[in-house]
Amino acid sequence: MNALQRDLKKLVPLVESLGAEKAAADPHRQRFHIQPMVGWLNDPNGLCKIGDTYHAFFQYGPFDVTGGVKHWGHVVSRDLLHWEYRPVMLYPDEPFDCHGAYSGSALVEDGTMYLYYTGNVKFPGDYDYIRQGRGHNVCLAVSRDGEHIDSKTCLMYNKDYPAGLTCHVRDPKVFAYEGRYYMVLGARTVDDRGEVLVFESTDRLHWSHINTLTTPEPFGYMWECPDLFALDGQWFLAVSPQGIKCQNIYGCGYFPVCGDWRGDCTLGEFHHADFGFDYYAPQSFVDGDTDRRLQIGWMGMPDADYGNPATVAYGWQHCMTLPRVLTHDGQGHILQNPVPELTACRGAAVALPDGAEQAVDVCFDLTAAPAGDFSLAFDGGLTLAYADADRTCCLTFTDDAMSGGRTSRCVKLDAPCRRLRVVGDASSLEIFLNDGAAVLSTRYYPAGAPTLRAANLDAVVYPLNL
Ligand code: FRU
């Protein structure tokens with residue numbers, strides 16, 4: 001252990017113990033979503049399951065509620081809903097990761113965790129830190145017990161990447177496939193195009209660049225947090241592209257892949273993964289020995305002009321989405337639905353009669369089968385309104401205290417909206433339309449347990465016993 005790690009290992013628990021009580025007293029503290037004990041959280045990292053324990057790591061800034069130098073925070077769970085804090089897994093404590101242990105993923109073999117991540121380094125000088133002055137290194141941390149790091153090494157520096165790239169090459173997602181290992185890395189080219197680099201390895205340590213995935217026409221200047229996976233035999237490339245036109249400052253979605261991504265292939269049409277205000281950098285993983293693919297996203301948006309002042313006042317910011325099950329609709333679209341573990345927590349159903357105001361629990365799960373136009377108001381300050389004529393559903397804030405600066409987001413559905421599900425936690429709503437064909441995720445800040453009022457909708461609300 002080096003001296004910096006030794007001291008960070010003392011400092012982080014100290015700031016946590018100083019801030020935890022205040023954060024826990026926040027009425028908007030989430031009940032069943034991953035959130036930082038104190039400070040800042042962004043991307044999910046290293047999602048995996050070992051034995052019957054799920055591990056989730058996250059970009060963690062314990063010293064700064066607005067970001068700061070990134071560590072890998074660590075939580076574990078048996079049911080994907082109750083998460084327990086573990087000590088920080090990765091500290092930015094080596095020359096190759098000293099400005100942040102940035103995002104990455106986990107490969108698990110024989111119970112050993114191989115954590116691939118980006119070592120962020122900023123060299124001193126007058127640099128733009130895009131074309132010059134930054135190191136984005138692929139690093140590997142190995143843990144045999146899922147709690148302590150046995151070794152940390154740097155596998156690739158910027159000089160090891162293909163020519164024509166800026167310094168921005170990051171967020172390794174690693175997986176095993178057909179007897180080999182593969183890694184996808186998000187990249188920004190010198191002519192400001194986003195793309196994904198594909199590397200191959202036979203030993204997990206030495207990597208060769210075998211392919212580059214991109215669109216024929218430029219699609220944004222940088223693709224962050226790539227993920228590559230198959231659902232029912234169809235491959236998808238998920239990315240968070242920056243510099244595309246969409247409702248949020250940055251996009252987040254996926255391309256179906258046609259052909260073999262190790263060689264000749266093309267990317268199909270880009271689909272947005274979520275139409276709400278707060279969704280970015282999701283990561284998926286296979287749930288142990290099952291073939292269930294789960295995905296968790298960051299319920300936030302970098303550089304947005306809205307925020308979370310209500311929680312910042314309590315010294316913490318951001319959370320993850322619920323873990324969602326991904327399935328393929330057979331036509332190149334991914335369906336996202338809350339893990340069934342949530343349904344098991346439902347209490348007795350309460351009807352929400354059309355037109356009547358009704359207080360619900362802080363944590364609730366609402367379902368309805370709309371027959372046409374409808375609206376659903378949350379605490380009089382946020383409305384979900386659907387118009388059958390153009391199959392458009394909009395989420396609109398009308399109350400500044402509730403919104404943190406959020407305004408309105410819409411989605412046009414491929415089919416009329418006939419299924420609605422809303423999962424609420426103390427300060428988030430995740431809205432699933434047509435069995436997960438479209439999702440809107442947002443943070444919101446109701447004064448207490450919210451009051452709902454539906455119009456032209458017979459909904460059923462289940463309190464969640466968590
Ligand atoms: C995405 C991202 C990643 C990076 C990490 C740093 O939100 O910018 O590309 O690795 O956050 O925290």
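What follows is calculated from the coordinates using simple rules that are stated; it is not laboratory data. Not measured: the values here are computed from a predicted model. All Cβ positions, even for glycine, are placed from backbone atoms using ideal geometry, and neighbour counts span all protein chains on display.
Table for the structure above
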read-out	value
Cα convex hull volume per residue for region 3-336 (Å³)	136 Å³
Of K70/K159; K152/K173; K70/K152; K173/K245; K122/K152; K122/K245, those spanning more than 27 Å from alpha-carbon to alpha-carbon	K122/K245
³J(HN,Hα) computed for each position of region 126-135 - Karplus, 6.51 cos²θ - 1.76 cosθ + 1.60, integer Hz, glycine/proline x	9, 10, 8, 6, 10, 8, 9, x, 10, x
Cross-link reach list, aspartates and glutamates versus K10, counting only Cα pairs under 15 Å and skipping chain neighbours closer than eight places	D93
For L335, residues with placed amide H under 5 Å, excluding near neighbours	T327, H328, D329
Helix 3-24 vs. the chain, principal-axis angle (Cα, 0 to 90°, nearest 10)	10 degrees
Check: the chain dipole with +1 on Lys, Arg Cβ and -1 on Asp, Glu Cβ, in debye	560 debye
Region 46-147 - Kirkwood radius from inverse mean 1/r over Cα pairs (Å)	14.5 Å
